[in-house]
Each structure stands twice: as C-alpha cells, then as structure tokens.
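One structure is given below, encoded as structure tokens.
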Amino acid sequence: MGAALGLARRGFAPVLVERETRVGGNAGSSDLHGIPVDLGSHRLHPSTDPEILSTLRDLLGDDLLQRPRHGRILLSGRWIRFPLRPLDLASSAPPRFLAGVAWDLMRRLLPLPKRCPGLKSFASLLWRGLGPTICREFYFPYARKIWGLESEEISAVQAARRVSAGSMERMLRRVLSGTPPRSGRRHRNTFFYPRQGFGQLADALWRASVAAGAEIVLGTPVQAIQPGFSKSGIEVEVEVGEAEEPRTLSCDHLWSTLPLGEMVGFVDPPPPAEVLASAGNLQQRAIVLVYLVLEQGRFSEFDAHYFPNPPVPFTRLSEPKNYSDPEEPRDRTVLCAEIPCSTSDFIWTSDDEVLGSLVLEGLRVAGLPVRARLLDVAVRRLRSAYPIYRVGFEAHFHRVASWVSHLPGLVSFGRLGLFAHDNTHHALLMAEAAVRCMEDDGRFDETRWEVYRAGFSTHVVED
Ligand SMILES: Cc1cc2nc3c(=O)[nH]c(=O)nc-3n(C[C@H](O)[C@H](O)[C@H](O)COP(=O)(O)OP(=O)(O)OC[C@H]3O[C@@H](n4cnc5c(N)ncnc54)[C@H](O)[C@@H]3O)c2cc1C
C-alpha cells in the first residue's frame with residue numbers, strides 16, 4: 001500500500017493485486033463484536049522514519065494516537081513491567097533471577113574462561129552478550145515457543161535482528177534511560193496507534209492511493225509470473241484470479257510482497273532445481289490467534305502480557321481496547337492470545353472450542369483466570385507470521401534472492417518478500433526506497449536499490 005501511494009503520487013499508474021478481500025496483510029484489522037482487533041499485538045514504533053510518520057499523520061490526523069506502553073512479562077511466577085523499569089525490576093523480579101544476572105555481570109568483568117553453547121548461533125551470541133541467566137530464563141524458552149527450535153539451531157542473524165538489547169551494556173542502558181538501543185533517539189516508552197485499530201493505517205493508505213490514481217484489485221490471487229523482454233523493454237505478465245477464471249495483466253514492473261519462497265514457485269520458466277530447493281528451505285512459522293470475547297468492560301489495565309515460558313502455550317496476550325482506550329463498548333472486551341505453531345501440528349488444525357479452552361487454561365495457570373462470561377471465541381490463522389532463520393539459512397536466502405534479482409522487471413520486498421522479521425515501519429521504508437528508485441522515465445535504478453537493500457539488512461525488530 002505504501003508503494004502504491006508513493007508511485008501514484010509520482011504520476012505512475014500502479015495496480016495493486018491482493019489475494020484477500022481486505023487490505024493490510026498481517027498488519028490489517030477487523031471488527032469483533034464492535035471492537036476493532038488486530039492480527040496479534042501491533043503498534044507503530046516511535047523509531048518510524050520521520051517522513052513516513054509525517055505522511056501517516058497527514059492521513060490519519062487526530063486518529064493517530066500516541067499512547068504509553070503498559071505491558072508486563074511473567075517470569076518464574078512474578079510479573080515484571082515491560083518496557084523494563086529499574087525500580088520495578090529490582091522489586092518485582094525473582095531474587096534468584098536478579099542474583100544470577102548480577103553474577104553474570106561480575107563474571108564479564110573477571111578474566112574467567114567463558115563457556116558458551118556452540119558457535120555462531122542465536123544461543124552463542126546471546127549467551128556471550130547477555131549471560132546465562134537472561135538466556136535460560138527468558139530468551140531461550142521464548143525462542144523455542146516463537147520459532148519451534150532450540151536456540152543452538154537458530155542462526156546468529158536472528159539474534160542480531162530480533163533482539164535489540166543484545167548485550168548487558170545495551171540492556172542496562174535501556175532499563176536505566178528508556179532509550180531504545182541503536183535508534184539513537186529518545187522516546188518515553190510510548191507508541192503510535194490508530195484510533196480504529198492498526199489496520200486503519202493500511203485503510204488510510206488505500207484510500208489515499210486510490211485518490212492519487214492507483215488501482216486496487218482485491219480478492220485476486222497471483223498465480224503465475226512471466227518476466228521477460230519485449231520490443232518496448234521489460235514486460236512482466238502476471239496471471240491473476242482464481243484458477244477457474246484466470247486473467248493476465250501486463251506491466252513494466254512487478255513489485256512483489258508475496259513470501260519469497262512461494263513467489264519463486266510462480267515464475268515461468270521455473271528456476272534451476274537448486275534455487276527451488278533453497279526456496280523450499282525458506283520456512284515461515286505460522287501463528288494461531290485466539291480471540292476471547294468477554295462480558296466485562298476491561299480484563300486488565302495492561303495492553304500486552306508476555307509469556308516466555310511453558311506451560312502457558314501462548315507467547316503474548318493483548319487486550320485491543322487498551323491500545324486505543326475507547327469509551328465504547330462498555331460491557332465487553334476482547335483478549336487475543338498468540339500461539340506460534342507449525343501448519344503440521346495440532347494447534348493449527350484444532351477447532352475454535354479446543355483452542356478457546358487451551359487459552360482459558362493457560363490464563364488460569366498464569367494466575368489470570370477469566371471470571372466474566374465468555375461471549376464468543378474466534379480464531380484467525382496466519383500461515384506466514386515469522387521467518388525461521390535456521391543455522392545456515394543465509395546460503396539459501398542469498399541463492400534465491402540473487403536469482404530473483406536477475407529477473408527483468410521484478411522486485412521482491414516487504415517482510416515476506418525479503419524473508420525479514422521486520423516491523424511495519426521497516427516495510428513502509430522499503431516501499432519508499434523502491435519508489436525513490438523509479439526514474440521519471442519509468443526505469444528502475446537497480447544500483448540504487450542494491451544500496452537500499454544493504455541498509456534493510458541492518459533493521460532491528462522492535463516488540
Ligand atoms: C503477530 C504479529 C505481530 C506483529 N506486531 C507488529 C508490531 O507491533 N508493530 C509493527 O510495526 N509490526 C508488527 N508486525 C509485523 C507487521 O505485520 C509486518 O511488518 C507487516 O505486515 C509487513 O507488511 P508487508 O506488506 O511486507 O507483508 P504482509 O502484511 O504479510 O502482506 C503481504 C500481502 O501479500 C498478500 N498475498 C500473499 N500471497 C498472495 C498472492 N498469491 N496473490 C496476491 N496477494 C498475496 C497477502 O494477502 C498480504 O496482504 C507483527 C507481525 C505479526 C505476525
């Protein structure tokens with residue numbers, strides 16, 4: 001949507017083809033019993049590029065709220081505020097945890113041999129940076145839940161791109177000053193959030209794109225892609241629509257935000273066998289979102305609860321009303337539990353009733369029993385939620401990305417298109433960069449795009 005708006009405002013004529021009947025992808029929203037709900041907890045982070053933030057402010061006006069973050073983490077049976085605060089941490093964290101962290105900190109200062117699990121993995125990087133206690137109590141079990149892998153099996157790249165406080169020094173700085181590491185900018189633990197749900201961002205971009213001349217085609221899956229050269233230059237043929245009613249679109253450029261591995265499977269003529277095999281190795285973790293509709297004004301005062309450890313099966317529980325703080329409805333609220341899974345395990349195939357019971361039991365175990373009447377359980381399933389960076393994934397990614405980069409007229413970008421764990425503000429930045437690469441005469445500046453691409457690999461995800 002960001003690219004469609006940018007291109008249309010530059011005078012090009014973009015056509016956006018979307019499989020679903022709504023815009024927004026994983027960053028979209030829907031309505032549940034009169035309450036806007038997102039696909040899991042979504043917030044716009046203050047580190048959003050100022051130009052992009054200003055565009056969004058122009059589009060949303062007063063509807064783009066700035067809200068205080070108000071979450072907590074369940075650690076060994078104790079609740080800790082998140083984002084972390086020094087006094088709360090000192091008084092609420094389990095004493096054994098605090099003693100462990102203090103000992104790890106001291107060991108860093110002493111010239112003792114440091115053991116770390118394996119080499120060049122998520123485990124080794126974090127173990128070295130944060131010490132054994134934080135790894136064992138938080139990051140390793142959390143990683144097991146999110147990606148379904150042991151930390152030793154996960155690439156070190158995941159640690160660099162997913163864990164913004166990757167060293168004791170950065171963690172301390174974050175706790176003491178509230179400054180997000182690496183962003184270099186101060187913010188006071190706030191976030192931006194649209195009054196009518198996170199998807200209001202995509203909806204606003206949609207409306208503005210159409211007003212600027214873009215065509216948005218919904219409910220239309222891309223089935224096949226034929227990049228090539230014609231007498232007039234590059235021409236890409238895209239087959240769209242359901243299998244029974246396919247039609248062909250011809251375009252000068254195709255910018256794809258489809259999952260990279262899946263998109264490669266649509267290209268005709270198909271890639272060499274080794275590229276296809278690598279594409280198959282770019283796996284995504286799925287997520288099941290379980291929404292409980294409760295007959296009570298608010299379930300808690302918190303926007304999100306984080307659960308790094310079993311036996312609670314979900315990683316995060318959000319209460320959408322606490323993101324925008326609406327007055328209505330007064331008699332009901334929604335909770336959204338995020339359960340990462342594989343599409344081959346029982347979570348993915350379980351019915352709503354089973355999943356609802358699983359979440360209710362998880363809440364009971366966590367000390368947050370639901371006492372209000374349960375009005376409804378709704379479930380949404382996201383097949384491509386988190387890229388899985390298994391050790392060695394880099395070679396597969398580079399093989400596929402390099403093959404795609406030689407296809408005339410084709411650019412793969414966005415969270416799924418670059419197999420990145422990025423936030424929405426990163427995806428919007430990619431869109432803006434791609435639009436900048438368009439020359440006025442309609443040529444795409446590949447060299448400039450490569451420079452931007454190198455910059456994207458430094459994105460660090462914010463929670
Ligand atoms: C649980 C969860 C929580 C998150 N929380 C945050 C957060 O707090 N803050 C934040 O900034 N970001 C968050 N994100 C990330 C955010 O959702 C993404 O950064 C954003 O959605 C990326 O946008 P995108 O356009 O690159 O990809 P997507 O949103 O995945 O969009 C891809 C689009 O391609 C479409 N598509 C796929 N296949 C086809 C096909 N064959 N034909 C046509 N269309 C197709 C899909 O329907 C989809 O609309 C979160 C993500 C998840 C999963």
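Bear in mind that the values in this text are calculations on the coordinates, not laboratory data. Here the structure is a predicted model, which is why all the values come from computation and not from measurement. Reconstructed Cβ throughout: ideal geometry from the backbone, glycine too, with neighbour counts over all protein chains shown.
Observations, loosely collected:
- CD proxy at 222 nm, helix term only [per DSSP H run n ≥ 4: -39500 (n - 2.57); per residue of the chain; nearest 500]: -10000 deg cm²/dmol
- Sorted fewest first by neighbouring Cβ atoms within 10 angstrom, I339, I80 come out as I80, I339.
- Helix axis angle, 393-405 relative to the chain longest principal axis, alpha carbon, degrees: 20
- For T190, the residues whose modelled amide H falls within less than 5 Å of its own, excluding neighbours fewer than 5 places apart on the same chain, are R69.
- Scanning residues 5 or more positions from G28 or on other chains, those with amide H under 5 Å from its amide H are L39, with H placed 1.01 Å from N in the peptide plane.
- Taking a ≥ b ≥ c as the square roots of the eigenvalues of the Cα gyration tensor, the range 3-157 is classed as prolate, since a/c reaches at least 1.5 and a/b is larger than b/c.
- Backbone amide hydrogens, once placed in the peptide plane, bring V267 within less than 5 Å of I225, excluding anything fewer than 5 places away on its chain.
- Cα→Cβ-extended label distance, 7 Å offset, between M168 and L249, nm: 5.4
- Whole-Hz couplings from phi, Karplus 6.51/-1.76/1.60, listed for the range 357-362; x for Gly and Pro: 5, 4, 5, 4, 5, x
- Average projection area in nm² (convex hull over Cα atoms of the range 349-463, one quarter of hull surface): 11.4
- Overall form of the range 224-279 per C-alpha gyration tensor (a/c, 1.5; a/b vs b/c): oblate
- Here the residues F191, F198, ranked from fewest to most Cβ neighbours within 10 Å of their Cβ, fall in the order F191, F198.
- Counting every other Cβ atom within 10 Å of each residue's Cβ, R43, R247, R107 order from fewest to most as R247, R107, R43.
- Couplings for the range 190-206, taken from phi via the Karplus curve 6.51 cos²θ - 1.76 cosθ + 1.60 with θ = phi - 60°, read 10, 8, 9, 8, x, 3, 9, x, 4, x, 4, 4, 5, 4, 5, 5, 4 Hz in order; Gly and Pro are left as x.
- Residue-wise HN-Hα coupling along the range 370-384, computed from phi with Karplus coefficients 6.51, -1.76, 1.60 (Hz; x: Gly, Pro): 7, 9, 6, 5, 7, 8, 6, 10, 10, 10, 10, 10, 10, 6, 10
- Cα-Cα pairs of the chain separated by more than 39 Å (percent): 23
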